[in-house]
1. Just checking, does the range 18-35 include any residue being surrounded by fewer than 18 Cβ atoms within 10 Å (Cβ to Cβ), under 21 Å from the mean Cα position of the chain (by Cα) and either part of a helix (DSSP H, G or I) or on the phi > 0 side of the Ramachandran plot (or both)?
2. Is it the case that VAL165 is at pLDDT 80 or above, more than 30 Å from ARG75 (Cβ to Cβ), surrounded by 11 or more Cβ atoms within 10 Å (Cβ to Cβ) and not polar (S, T, N, Q)?
Amino acid sequence: MCLAIVAVSFPPQGMHAAEVTANCDESPTCRERFSQAQQFAKEEELEKSLAILQPLYATYPDPRLTYPLARLLHRLKRQIDAIPLYQRYLDAGIESNAEVLARVRQFQREAQIEAELDRRVTSTSPTDAAGNHPPPPATKVKPWVWVVVGVAGLAAMGTAVGLGVYFGTGVPAPDATVMYR
């Protein structure tokens, strides 16, 4: 998997984005595979779509494939891999629509922000040798809180016993019906 990411992240040696002549539109196989990847992405089967698109881009390094590949990686929460692909798409200069370029730049900024947040979260949370996060520390309650809880409990019990004794041993009320003989 890492090898596929490396193959996607770096263009072939000696080639710059502007020099790439591979065109996916010229190959029926590439067009067909790209359609399959798009269909999987629409069905939210992003891993399957990525499994098609990464080798496709390695075979046909068409800069137009970098944007859908970057979007897939971004949607899969792999921002670190998506950021250079967004930049490669922008650097290729193949898009002239200002709205599309603005959207690509926005996605790139979002990926950078998310990657920075992920980096901060992982750098601030310690892990053990197995990569597991330790449980959060137990919250200690101050001793005086337990004293207050105990006194309140005793007061409630004393009140309940006192009321029970008062009402339980009192003089019975005379019966409302009086019998005459």
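1. no
2. no
The values are calculated or read from the model by the stated rules, or taken from the named source; none is laboratory data. Values in this document were obtained by computation on a predicted structure and should not be read as measured data. Cβ coordinates were reconstructed from backbone atoms using ideal geometry, including for glycine residues, and neighbour counts include every protein chain displayed.
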